[in-house]
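Read-outs: derived from the displayed coordinates by stated rules, not from any lab. These figures come from a predicted structure and were not determined experimentally. Glycine gets a Cβ as well: all are built from the backbone with ideal geometry, and neighbour counts include every protein chain shown.
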Amino acid sequence: MALHDEALTEIIIGAAIEVRRHLGPGLLESAYRRCLVHELCLRDVSVASEVSLDLEYKGLLVPASYRIDLLVADRVIVEIKAVDTVTPIHEAQLLTYLRLAGRKAGLLLNFKVKLLKDGIMRRVL
């Protein structure tokens, strides 16, 4: 049975909380990404890391123009940050990736916060 986007995002958030609980703050985004992939696999959730995303502009195809941090169950895009402050450009990046990839649900996870719940942003197109 396929999970709905909302149920899937809850699983992703739970996995992210587990990773953050074990690792704490202050690591590189790449470390959190690799550990989150592992945690999702432990939960039997399919996940692809660093997924290339093509750009099409007025008939011009620009292959592998962008890279999505995680694509979970071929449905939810996850962007991972380890920054002091999430800015509007980070949110715009997630929304652009959703639009370009034809997906509806996305998560922006900032691991550089005191409590991970304060670093979670969920967006739906």
List pairs: first in region 83-98 and assigned to a helix (DSSP H, G or I), second surrounded by 16 or more Cβ atoms within 10 Å (Cβ to Cβ) and polar (S, T, N, Q), Cβ under 9 Å, 6+ apart or cross-chain? His90/Asn110
Among the numbered conditions (1) surrounded by 16 or more Cβ atoms within 10 Å (Cβ to Cβ); (2) within 17 Å of Lys117 (Cα to Cα), tell me where Leu70 comes up short. (2)
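Tell me, which residue of region 35-61 that is of a type outside the set (A, V, I, L, M) and surrounded by 14 or more Cβ atoms within 10 Å (Cβ to Cβ) is nearest to Leu98 (Cα to Cα)?
First pass over region 35-61, keeping only residues of a type outside the set (A, V, I, L, M): 35, 38-39, 41, 43-44, 46, 49-50, 52, 54, 56-59.
Going one step further and asking which of them are surrounded by 14 or more Cβ atoms within 10 Å (Cβ to Cβ), we end up with 35, 39, 49.
Details: Cys35: 23, Glu39: 23, Ser49: 16 Å.
Filtering first and then ranking leaves Ser49.
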